[in-house]
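Structure record follows, encoded as structure tokens.
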Protein chains: 4
Amino acid sequence: MSSTWGNHIKISIWGESHSESIGVVVDGLPSGEQIDWDELLFFMERRRSQGGALDTPRKESDLPQIQSGLLNHITCGTPICALIPNENTRSKDYSLFSQVARPSHADYTGALRYNGYNDIRGGGHFSGRLTAPLVFAGGLARQILHRRGISIAAHIAQIGTIWDDPFTAENLTPQQIDVLNHSFFPVLNAQAGEQMQARITQVRSQKDSIGGMIQCAVLGIPGGYGDPLFDSVESRLSSLLFSIPAVKGVSFGDGFALCSMVGSEANDPFSIRDGKVVTDTNRNGGILGGITTGMPVVFQCAFKPTASIAKEQKTVNFVTKEETTLAITGRHDPCIVRRAVPVVESAAALAVLDLLLSSDRGWNIR
Amino acid sequence: MSSTWGNHIKISIWGESHSESIGVVVDGLPSGEQIDWDELLFFMERRRSQGGALDTPRKESDLPQIQSGLLNHITCGTPICALIPNENTRSKDYSLFSQVARPSHADYTGALRYNGYNDIRGGGHFSGRLTAPLVFAGGLARQILHRRGISIAAHIAQIGTIWDDPFTAENLTPQQIDVLNHSFFPVLNAQAGEQMQARITQVRSQKDSIGGMIQCAVLGIPGGYGDPLFDSVESRLSSLLFSIPAVKGVSFGDGFALCSMVGSEANDPFSIRDGKVVTDTNRNGGILGGITTGMPVVFQCAFKPTASIAKEQKTVNFVTKEETTLAITGRHDPCIVRRAVPVVESAAALAVLDLLLSSDRGWNIR
Amino acid sequence: MSSTWGNHIKISIWGESHSESIGVVVDGLPSGEQIDWDELLFFMERRRSQGGALDTPRKESDLPQIQSGLLNHITCGTPICALIPNENTRSKDYSLFSQVARPSHADYTGALRYNGYNDIRGGGHFSGRLTAPLVFAGGLARQILHRRGISIAAHIAQIGTIWDDPFTAENLTPQQIDVLNHSFFPVLNAQAGEQMQARITQVRSQKDSIGGMIQCAVLGIPGGYGDPLFDSVESRLSSLLFSIPAVKGVSFGDGFALCSMVGSEANDPFSIRDGKVVTDTNRNGGILGGITTGMPVVFQCAFKPTASIAKEQKTVNFVTKEETTLAITGRHDPCIVRRAVPVVESAAALAVLDLLLSSDRGWNIR
Amino acid sequence: MSSTWGNHIKISIWGESHSESIGVVVDGLPSGEQIDWDELLFFMERRRSQGGALDTPRKESDLPQIQSGLLNHITCGTPICALIPNENTRSKDYSLFSQVARPSHADYTGALRYNGYNDIRGGGHFSGRLTAPLVFAGGLARQILHRRGISIAAHIAQIGTIWDDPFTAENLTPQQIDVLNHSFFPVLNAQAGEQMQARITQVRSQKDSIGGMIQCAVLGIPGGYGDPLFDSVESRLSSLLFSIPAVKGVSFGDGFALCSMVGSEANDPFSIRDGKVVTDTNRNGGILGGITTGMPVVFQCAFKPTASIAKEQKTVNFVTKEETTLAITGRHDPCIVRRAVPVVESAAALAVLDLLLSSDRGWNIR
């Protein structure tokens, strides 16, 4: 059904926004991997609401409590379970939504899917909070990959109509990756970043929200991993990326821009550099025929604006079948994109680690 | 690995471009479904090369030979196997590519992945020919869905910089669907279609190729199907769509355009129409929280230009590690988009039928 | 890997004997199912050590703490997570076993599998304690099935050389099922039960342990569920039954006794009773061609004796590669069979509910 | 559904007894593996009916026709498809069974499962013929394992009440394996073998059939492969073994005999031999905690007597719901056990290769 993913790694996520806890079971990780706990917590902290003008006022400590599978911060090889208590819950905010659907939210579809029995408090199982356990799992995968020379970086490529610089061969440097990995508003162009933040502050004051795009790169993954057809790298990654709430588009390399190109523009010419096969450009995002080329795997995710806005909207009471209006008063992010950066990186880390572990070519590329 | 897909339905595809045959095993289809054979063949014919200016000169009859699971054109409920012989093969064209990589093709990654043991003739397992069995499977699913009031239509939304009209509430009519379903170059705007065909003819004469976009709609699927997180309708569809060669982007509803919107623009207001809950707009593409709303499921696929072009290109011999150039002389489509329309529709049909069949809400919505 | 099971239902189990907690995520259960909490706890209590002469002195309260997916004891349809704290742990007992392997236990294979990084305290992830979350999940499935007229009963068919009466058409009555379902030492023949208990007490006093067999029946499951080949009812059930520690054999109907029969003895003649197709005998255990016949599904599980015994045994230090002897002093059950009865019933309940839910014939047979 | 199996390897089988062909798609095999074609055909020949007194008079050439994935008898790494035509079909024999159920056959359950739409000719998808493609797939796996020092041998351990010698440390020699692997009636005790054949000839003359048991051993598999809980070696093997028609029991090591032992008898003492950890006995069949010990993996399969017998039997017409009698006149094996030996070996080969390939410890133990 909804909560299990993976070929070799199996991730199982549970929880509702206001249930006792949310959490994750991660199975299939190799044994003997040392986890840097501070780094893991810092990675999770990047997803956590910082309050202020950009994020929801609901602040949770979001400290994962290890239940199993880690001993002295070293993986046992058995399932790792981490539990994150739900602390700061205000359930009274949500009683209305069992009948009146917030536009573009899952109130109505959830009621249909579960015949009205789902827990609607705080968005229930559809809440963005469910990405916290995914980031925990991704944080583990990320460190295991990093030890083998694979690093992952993402930046906020777009907020509304404001664009960051794209990844290029020049700016995909170890230094730049390090800066992005330690930034709470990761952009390549600092000025664009400031404009984006101003725009988010503005839409919040207008009782509105705004969408955006994240671009992510995986560096150091060797060529020859992946499969044609149903287990293409694109298929594996997209199935996980589209499980992130609010993602409505995924593209690889130059993505939709390839539709307007001719082949002689779009094709990536091969070269030999330092005795290795490389491509001069990377319009295919490091993937050909579903298989890695050895160039960085680059992809984009489109995020729609946060559905919950304070502005009055037209909607219906789907129980009484009457039209009505709604101004949402709960605590919400005016823009989810900043907090989604480590979520996208986590999906990438999990998909790439799973890709290596399920290969017969040997996963341990250290 | 690469050739099996599905939750309830299982599709297993085999074959190389120049192997004895290509084919598919489809398991999990319900028993007792009458298949209209002429309609199935017509659907497959839409994918077949028609030669001429738009398609590859390699013409195959592509008639599926049923091996099992169908008796008097009625599904037995057991696995259906269909075999498509490879007839028109010219293997001498390909011997070069075991060393010299066609840019943006899978020659190099295939050699890495399979340690040089893969069958490279005609692109081998990476050939676009492998979509023929997928269209056979999709043709079955499509008829089973259609009997239950679910229909699927796609059009060529973009070729290069020429755009067709998009789907709207107005043009998504039974008549329009029927026209698209019977067209060999399906567009909503006939004039755009003519310009597109002229552009394809032009790039061919320039020894080049061109990319494009397909937009697809699934009508009649009721609300409440799908799941949050890993089995979202988006995740299920995208994993199959990204297995189609040359697809580099997938988006739902307004897709990447949502990145530049504010919430009050992007949200779809709910209304009551004829006693039913509907949305006034459909920017979310009929999916909220990973679950169908009952509105049409609408999505887009970005296709890169055909990698094989006759123009000379810079590349490498990846065995000797030397740079070289290459002008490809095999038989190729200047634009794959036209023939990909039934492939995209097939992926949609299979994903939607699998979605229904794996639901505990009952699949048989007839 | 090791911790996820299911076609439609997904069960993910975590935990080690001495970790913070053990637990389970159960996904794919239908929404709106009322759970009788007292009945669930009573079912789990049947697995719990009662101390005394028959069970281990390690007593745990084993109360499941619901984390998600249940609201007012009604299933939400989303993943249900239950956590069971480990309370009564004595880790000092186990330090030896990282080098000296207990014969027939998983100390040695666990060290190989996980390169020595697994948590060995209390048997770690291999502990019989891990069946507690399985019984929680099975307890949910059991109630959902019972509401639809499907009931499950098991009895201790054999301890050492003492045999209980087998299930027959006569004793498979609602009354008898009810008695078995409420018994802490469930047998059909009370005298055999007393002899079994005396034998267990005796082997304990001899610092030894003893094996046994459980026979289980599923009543009320309609005909026509299951599949030929890889998803036969036997395949589905056995894959789950063989995940129970200490199970070394599984058989259906007359099982291994069928090897010595001729066809005219072994075949179950069909009859019409009350207008329904039945079989006069049930040597095939209610399954033909991998599919249910409508007769009770009957199967047996062989349990080896508890590996940990107080008697001195010959073994090795697998790190220093030296032979040595070992007398195990931890707390162990002299016979695991009594406590395994609800575990076997749980596996049956989960497999049968999964069978119904993954069928295209409709699962809701109420 | 029914026709796909595997974690890393994916096997998809199609076909009915009288359909155009039967066959298999095997995906996930490593590339570059040389297949000895004569050895493969000889292995398949051991499953084929030899006519005479012991086997069915229906003789098929059963020559696999490679469709894809093998080039010059070397695996490409892509899906291997093999097709076996159905040649010797006599469909008139079977028309009756759409209404009158052969006792202990799948006529009735198949009709329920597929609402009467399944192909009943020759037993359709339930026919023992479907094991031919499994043996093809197993024949590939077997050679890939053999190259890495893993060999598989099985013998007919029991026919009716006649028992062969069991496997022991003494008779599990390379010579003995070679003899068994080249025998059409593989037994360890030649005299028992002759008695078994006489017994089969006798039951045939009595218009009856007879059951039996196969014991199988996998040698050379290193310790540390497999998983606790749901992916135990026992779970993986049994799920495949129970997909073989007529198998009603599976046990490992001493199996059901362990039920009557005490721990001090049943436990396998560890020893050091040639610097390696071994066990003195192998009552656990080479598996502890679901993980291989490095000792031979030994298991047993119980086969019921062939359901189809010429003797008159009591049965029903399940359409008209009337009782009747039936004497089956088609062509059938009086005992399926001899021909099932390579089927059991194939299941073992596939499960063990899948076990290695899905391990993160490295599969390539050569």
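Quick note: the coordinates plus some simple rules give every number you see, no bench work behind them. On a predicted model such as this, the values are computed, not experimentally measured, just so you know. All Cβ positions, glycine included, derive from the backbone under ideal geometry; neighbour counts span all protein chains shown.
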CD proxy, 222 nm, chain D: helix-only mean residue ellipticity via -39,500 (n - 2.57) per DSSP H run with n ≥ 4, per residue, nearest 500, stands at -7500 deg cm²/dmol
The set of residues whose placed amide H lies less than 5 Å from the amide H of C:Ile22, leaving out same-chain residues fewer than 5 positions away, is C:Ile84, C:Asn86
Relative contact order in percent for region C:217-366 (Cα pairs under 8 Å, 6+ apart) equals 28
Proxy exposure order for B:Lys311, C:Lys304, A:Lys10 (fewest C-beta within 10 Å first) is B:Lys311, A:Lys10, C:Lys304
Rounded to a whole number, the mean other protein chain Cβ count within 10 angstrom for residues of A:210-221 is 2
HN-Hα couplings for region D:340-347 via Karplus (6.51, -1.76, 1.60; θ = phi - 60°), in whole Hz with x for Gly/Pro, come out as 7, 4, x, 5, 5, 4, 5, 4
The long-range amide H neighbours of A:Ser68, using H built 1.01 Å from N in the peptide plane and a cut-off of under 5 Å, are A:Cys81
Within chain B, excluding any GluC sites (Glu not before Pro) found in a DSSP loop (not H, G, I, E or B) and having at most 14 other Cβ atoms within 10 Å, the longest uninterrupted segment runs B:171-311
Answer in debye to the nearest 20: the dipole magnitude of chain B about its Cα centre, from +1 Lys/Arg and -1 Asp/Glu charges placed on Cβ, is 720
Here region B:129-138 yields Karplus 3J(HN,Hα) values (6.51, -1.76, 1.60; θ = phi - 60°; whole Hz; Gly and Pro given as x) of 4, 5, 7, 4, x, 5, 5, 4, 4, x
When the charge dipole of chain A is computed with +1 at the Cβ of Lys and Arg and -1 at the Cβ of Asp and Glu, the Cα pointing farthest to the positive end, of A:Thr279, A:Leu29, A:Val262, is that of A:Leu29
The set of residues whose placed amide H lies less than 5 Å from the amide H of B:Ile150, leaving out same-chain residues fewer than 5 positions away, is none
Projecting the Cα atoms of D:Ala132, D:Pro166, D:Cys76 onto the charge dipole of region D:74-172, where Lys and Arg contribute +1 and Asp and Glu -1 at Cβ, the residue farthest towards the positive end is D:Cys76
Using alpha-carbon positions, the gyration tensor of region A:122-251 gives root eigenvalues a ≥ b ≥ c; with a/c under 1.5 called rounded, otherwise prolate if a/b exceeds b/c, else oblate, the class is oblate
The size of the Cβ-based charge dipole (Lys, Arg +1; Asp, Glu -1) of region B:223-296 about the Cα centre, to the nearest 20 debye, is 140
In debye to the nearest 20, the charge dipole size for the protein assembly as shown, taken about the Cα centre with +1 at each Lys and Arg Cβ and -1 at each Asp and Glu Cβ, equals 0
Along the dipole axis of region D:96-223 (charges at Cβ: +1 for Lys and Arg, -1 for Asp and Glu; origin at the Cα centre), the most positive-end residue among D:Thr109, D:Ala154, D:Ser205 is D:Thr109
Fewest to most Cβ atoms within 10 Å: C:Ile177, B:Ile162 sort as C:Ile177, B:Ile162
Exposure-ranked with fewest Cβ neighbours within 10 Å first, B:Trp5, A:Trp14, B:Trp37, A:Trp363 stand as B:Trp37, A:Trp363, B:Trp5, A:Trp14
With x for Gly and Pro, the residue-by-residue ³J(HN,Hα) of region A:60-70, computed from phi through the Karplus equation 6.51 cos²θ - 1.76 cosθ + 1.60 at θ = phi - 60° and given in whole Hz, is 10, 6, 6, 8, x, 9, 6, 9, 6, x, 10
